[in-house]
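Step one of this worksheet: look at the structure below.
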Amino acid sequence: MWFAKRVALSLLLVWMVATMAFGAIHLVPGDPAEIMLSEGGFAPDPSAVAALREELGLDRPLVEQYADWLRGLARGELGHSLLDQEPVDELIGRRLPRTLELILAATVFAALVGVPLGVLAAVRRGGLLDRTLNGFAAVFDGMPVFVIATLMILVLARQLEWVSTGGYVPFAENPSAHVKLLMMPAIAIGLGFAAVVLRMTRAAVLDTLNRDFVRTARSKGASPLRILVHHALRNALMPVVTVVTLHMGAMLGGTVLTEFVFNWPGISSMMVDAVNSRDYPVVVGTLFVIAAIFVALNLAVDLLYGMIDPRVRA
């Protein structure tokens with residue numbers, strides 16, 4: 001029963017997000033037909049605009065358009081782009097793996113940097129290393145990702161010329177170039193994420209080190225390294241994993257500026273282009289997929305907690 005309620009609530013949340021997105025994008029000023037027919041800054045012929053609106057179905061009441069969208073969604077279809085009539089699910093299918101790859105790379109970087117440094121900060125609590133790491137974490141946690149991305153381009157790409165300013169090359173075409181182009185945006189996103197992981201790991205390890213079972217291990221003569229690795233760290237990683245999982249979902253909607261700055265052709269940059277051209281089906285479909293993935297990650301964490309701790313189900 002608890003499982004069914006959580007799934008039903010998740011589906012309801014995804015539907016609400018999609019419905020709000022459908023209504024909000026239609027409130028944005030600008031007519032897709034006028035934008036498509038505008039050339040050189042000149043206003044298009046009103047009769048041509050009216051004909052195109054009728055062809056695209058934009059002249060129908062908004063309620064009818066929403067009902068058609070829901071019927072298509074029930075069939076597993078997200079509609080067609082207003083610009084080139086290409087299925088939205090195919091557009092998302094091409095772009096989404098690139099964004100997921102970027103998020104996965106940023107998450108791996110954040111975990112590899114944040115967890116060890118968080119453990120070091122906890123072990124050296126109150127010392128110079130702890131204060132230094134907390135200071136860096138505060139800086140990168142509060143710095144917007146587009147500032148980090150811009151500084152990386154100015155310093156690493158323009159002045160030092162160590163890396164390219166951005167772009168995309170398919171992995172199958174050139175694996176080495178693909179990885180090099182992936183590193184910059186992944187690190188730009190991952191630095192702030194690593195700061196969150198560092199702070200969370202430090203707090204979780206410090207809390208675990210004060211637990212009774214750790215004191216018992218100390219009294220039995222266990223070495224500090226064994227206590228840290230086999231007792232404290234293993235028990236402290238659960239809240240860290242939760243934060244990492246939820247943050248991955250949040251990054252789906254937070255890679256817009258990074259993809260734009262580094263010219264990475266992911267789902268977020270596609271949505272920005274769709275908003276500018278008032279391509280309603282692409283915007284709504286993209287937001288629906290992002291919401292579905294984010295809610296699915298939250299649901300997975302809730303279900304995992306429910307299996308681990310029966311008290312959650314109560």
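The values are calculated or read from the model by the stated rules, or taken from the named source; none is laboratory data. Just so it is clear, the model here is predicted, and its values are computed rather than measured. For neighbour counting, all protein chains shown are included, and Cβ atoms are generated from backbone atoms with ideal geometry for every residue, glycine included. Surface areas here come from the heavy atoms of the whole protein model, side chains and all, with no ligands, DNA or RNA. Shrake-Rupley method; radii C 1.70, N 1.55, O 1.52, S 1.80 Å.
How tilted is helix 128-142 with respect to the longest principal axis of the chain? Cα atoms for both, answer in degrees (0 to 90, nearest 10).
In the chain, helix 128-142 runs at an angle near 10 degrees to the longest axis.
Could you state the accessible area per residue of the chain in Å², with a 1.4 Å probe and every protein chain left in place? Working shown, then result.
Values: 17250 Å² over 314 residues.
Roughly 55 Å² per residue, with all protein chains present.
Mind jotting down the distance between the C-alpha centroids of region 242-269 and region 60-112, whole Å?
Taking the Cα centre of region 242-269 as reference, the centre of region 60-112 is 15 Å away.
For a protection proxy built on the mean count of beta-carbon atoms within 10 angstrom, sort 95-103, 132-140 highest first, please.
Descending mean neighbour count gives 95-103, 132-140.
Can you list the residues, at least 5 places off or on another chain, whose amide H is less than 5 Å from the amide H of residue 81, using H built in the peptide plane?
Residues meeting the criterion, in which the H sits 1.01 Å from N, are 86, 88.
Report, to the nearest 10°, how far helix 175-209 tilts away from the longest principal axis of the Cα atoms in the chain, using its own Cα long axis and a range of 0 to 90°.
So the helix axis and the longest Cα principal axis differ by about 50 degrees.
If you stretched the chain out fully between residue 218 and residue 125, how much longer would it get, using 0.36 nm times the residue separation minus the C-alpha to C-alpha distance?
Stretched out fully, the residue 218 to residue 125 stretch lengthens by 31.6 nm.
For the chain, what relative contact order do you get, as a whole percent, if you take Cα pairs closer than 8 Å and at least 6 residues apart?
The value is 28 percent.
How large is ³J(HN,Hα), in whole Hz, for each residue of region 274-288 in order, when computed from phi with the Karplus curve 6.51 cos²θ - 1.76 cosθ + 1.60 and θ = phi - 60°, using x for Gly and Pro?
5, 5, 4, 9, 6, 7, 3, x, 5, 5, 5, x, 5, 5, 5
Can you give me the % of accessible surface on the chain that is carbon or sulfur? Probe 1.4 Å, all protein chains present, nothing else counted.
Reported share for carbon and sulfur atoms: 66 percent.
If each Cα of the chain is one equal point scatterer, what is log10 of I(q)/I(0) from the Debye formula at q = 0.12, 0.13, 0.15 Å⁻¹?
Per q value, in the given order, log10 I(q)/I(0) is -0.97, -1.08, -1.24.
Assigning unit charges at the beta carbon (Lys, Arg +1; Asp, Glu -1) and nothing else, what dipole magnitude in debye, to the nearest 20, does the chain show about its Cα centre?
2640 debye
Based on the mean of other Cβ atoms within 10 Å per residue, sort peptides 282-294, 107-119 so the most packed one is first.
In descending order of packing, they fall as 282-294, 107-119.
Toward the positive end of the charge dipole of the chain, about the Cα centre and with charges on Cβ (Lys, Arg +1; Asp, Glu -1), which of 88, 169, 245 goes farthest?
245
Can you give the relative contact order of region 134-271 as a percent, counting alpha carbon pairs under 8 Å and 6+ residues apart?
The value is 31 percent.
Taking the highest mean first, how do the peptides 48-60, 234-246 order by number of other beta carbon atoms within 10 angstrom per residue?
234-246, 48-60
Short version: ³J(HN,Hα) in whole Hz for each residue of region 148-158, in order, from phi by Karplus 6.51 cos²θ - 1.76 cosθ + 1.60 (θ = phi - 60°), x for Gly and Pro, what are they?
So the Karplus estimates, Gly and Pro as x, are 4, 4, 5, 5, 5, 5, 5, 8, 6, 8, 7 Hz.
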